[in-house]
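A.B. asks: Got a structure for you, questions after.
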Amino acid sequence: KAGVTQTPRYLIKTRGQQVTLSCSPISGHRSVSWYQQTPGQGLQFLFEYFSETQRNKGNFPGRFSGRQFSNSRSEMNVSTLELGDSALYLCASSLGPSGGKTQYFGPGTRLLVL
Amino acid sequence: DAKTTQPTSMDCAEGRAANLPCNHSTISGNEYVYWYRQIHSQGPQYIIHGLKNNETNEMASLIITEDRKSSTLILPHATLRDTAVYYCIVRVGEHTDKLIFGTGTRLQVFP
């Protein structure tokens with residue numbers, strides 16, 4: 001079974017631009033979560049989706065948004081990019097939002113904002 | 001805020017058992033303990049999880065104390081490829097996938 005895939009793997013943008021990252025969960029998984037990892041802040045939760053509904057959101061500005069499609073694929077968007085948005089963006093999927101359901105992470109998208 | 005406390009770093013000789021401790025004194029009765037590891041610049045890799053009982057899989061063993069306030073991840077025969085940052089995580093709640101990562105333990109396996 002294929003793992004979580006994320007595209008693109010690497011991205012370079014300039015300040016003020018916007019970016020869309022894509023995540024394809026493991027087949028059969030309906031829950032997708034997004035995380036941001038930076039050297040200074042570590043791994044931080046962005047948001048989670050289940051059945052196309054955002055169930056939880058982390059403490060990030062409104063420039064960060066996401067959505068989930070009926071096939072469980074998810075996208076996240078960052079508008080008006082800032083230098084501080086340079087990070088590794090990770091997506092994780094699970095069968096559903098439950099304490100006993102394991103999340104599996106993708107390889108991440110490394111975003112560099114110049 | 002992270003609900004777990006881990007040592008910042010540990011060393012282990014190749015072939016020996018690596019025992020990584022984690023304190024989670026405020027854990028609730030229905031909260032699971034999860035362990036992930038992250039090798040440089042890769043996505044976190046799931047290792048093992050447990051609720052009350054000790055667990056074992058092909059990668060590791062998880063020992064949870066009876067009061068559930070702490071746990072230990074055991075890699076029985078560490079190899080150089082086990083060098084990574086290991087995260088101990090208490091799942092936030094019953095019906096969410098949200099994980100709160102702490103700073104983890106940087107395990108260095110040496111020859």
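The values are calculated or read from the model by the stated rules, or taken from the named source; none is laboratory data. Predicted model only: the values in this text are computed from it and were never measured. Glycine gets a Cβ as well: all are built from the backbone with ideal geometry, and neighbour counts include every protein chain shown. These area figures cover heavy atoms from the full protein model, side chains too; ligands, DNA and RNA do not enter into them. Shrake-Rupley method; radii C 1.70, N 1.55, O 1.52, S 1.80 Å.
A.B. asks: Could you check how many residues of the range A:66-81 are within 13 Å of A:Pro25 (Cβ to Cβ) and hydrophobic (A, V, I, L, M, F, W, C)?
C.D. replies: So the answer is 1.
A.B. asks: Still on this structure, I have one more. Can you name the condition, by its number, that A:Ser72 falls short on among (1) away from every other protein chain (no Cβ under 12 Å); (2) touching an Asp or Glu at 6+ places or on another chain (Cβ under 9 Å); (3) open to solvent by 20 Å² or more (accessible area, probe 1.4 Å)?
C.D. replies: Among (1) away from every other protein chain (no Cβ under 12 Å); (2) touching an Asp or Glu at 6+ places or on another chain (Cβ under 9 Å); (3) open to solvent by 20 Å² or more (accessible area, probe 1.4 Å), the lone unmet condition for A:Ser72 is (3).
A.B. asks: If you don't mind, another one. Within the range B:58-111, track down each residue that is open to solvent by less than 10 Å² (accessible area, probe 1.4 Å) and among the hydroxyl-bearing types (Ser, Thr, Tyr).
C.D. replies: If the condition is that a residue be open to solvent by less than 10 Å² (accessible area, probe 1.4 Å) and among the hydroxyl-bearing types (Ser, Thr, Tyr), then B:Ser71, B:Tyr86, B:Thr105 are the ones that fit.
A.B. asks: Could you please tell me which pairs satisfy a Cβ distance under 9 Å, a separation of 6+ or placement on different chains, a first residue in the range B:1-21 that is under 19 Å from B:Tyr34 (Cα atoms) and among the basic types (Lys, Arg), and a second residue that is at pLDDT below 95 and in a strand (DSSP E or B)?
C.D. replies: As it stands, the answer is B:Lys3/B:Ile89; B:Lys3/B:Val90, since those pairs meet every condition given.
A.B. asks: Could you tell me which of the residues B:Ile47, B:Ile64 is in contact (Cβ under 8 Å) with a residue 12 or more places away in the chain and either in contact with a Phe, Trp or Tyr (Cβ under 9 Å, 6 or more places away or on another chain) or under 30 Å from A:Lys57 (Cβ atoms) (or both)?
C.D. replies: Checking each option against the conditions leaves just B:Ile47.
A.B. asks: Shifting gears a bit: Does A:Val113 fit the bill of being in contact with a helix residue (DSSP H, G or I) (Cβ under 6 Å, 6 or more places away or on another chain), modelled with pLDDT of 95 or more and open to solvent by less than 70 Å² (accessible area, probe 1.4 Å)?
C.D. replies: yes
A.B. asks: With the condition being out of contact with any Leu (no Cβ under 7 Å at 6 or more places or on another chain), I'd like the strands (runs of 3 or more DSSP E) fully within the range A:41-114 carrying at least 3 qualifying residues.
C.D. replies: In the range A:41-114, the matching strands (runs of 3 or more DSSP E) lie at A:42-50, A:53-57, A:64-68, A:74-78, A:87-94.
A.B. asks: I've got another one for you. Report whether or not A:Thr20 is free of Cβ contacts under 8 Å to residues at least 60 places away in the same chain, more than 8 Å from chain B (Cβ to nearest Cβ), open to solvent by 10 Å² or more (accessible area, probe 1.4 Å) and in contact with a strand residue (DSSP E or B) (Cβ under 8 Å, 6 or more places away or on another chain).
C.D. replies: Considered against the rule, which asks whether it is free of Cβ contacts under 8 Å to residues at least 60 places away in the same chain, more than 8 Å from chain B (Cβ to nearest Cβ), open to solvent by 10 Å² or more (accessible area, probe 1.4 Å) and in contact with a strand residue (DSSP E or B) (Cβ under 8 Å, 6 or more places away or on another chain), A:Thr20 comes out as yes.
A.B. asks: I need the full set of residues from the range A:23-57 which are hydroxyl-bearing (Ser, Thr, Tyr) and surrounded by 12 or more Cβ atoms within 10 Å (Cβ to Cβ), in order please.
C.D. replies: If the condition is that a residue be hydroxyl-bearing (Ser, Thr, Tyr) and surrounded by 12 or more Cβ atoms within 10 Å (Cβ to Cβ), then A:Ser24, A:Ser31, A:Ser33, A:Tyr35, A:Thr38, A:Tyr49, A:Ser51 are the ones that fit.
A.B. asks: I want to confirm something. Restricting to the range B:28-42 and keeping residues that are among the hydroxyl-bearing types (Ser, Thr, Tyr) and in a loop (DSSP other than H, G, I, E, B), which single residue is nearest to the other protein chains (Cβ to nearest Cβ)?
C.D. replies: B:Tyr32
A.B. asks: Provide a single number: the residues in the range B:43-57 that are of a type in the set (Asp, Glu) and either open to solvent by less than 50 Å² (accessible area, probe 1.4 Å) or within 11 Å of chain A (Cβ to nearest Cβ) (or both).
C.D. replies: Qualifying residue count for the region: 0.
A.B. asks: Taking the range B:78-103, which residues are more than 8 Å from chain A (Cβ to nearest Cβ) and either part of a loop (DSSP other than H, G, I, E, B) or over 22 Å from B:Glu58 (Cα atoms) (or both)?
C.D. replies: B:Ala78, B:Thr79, B:Thr83, B:Val92
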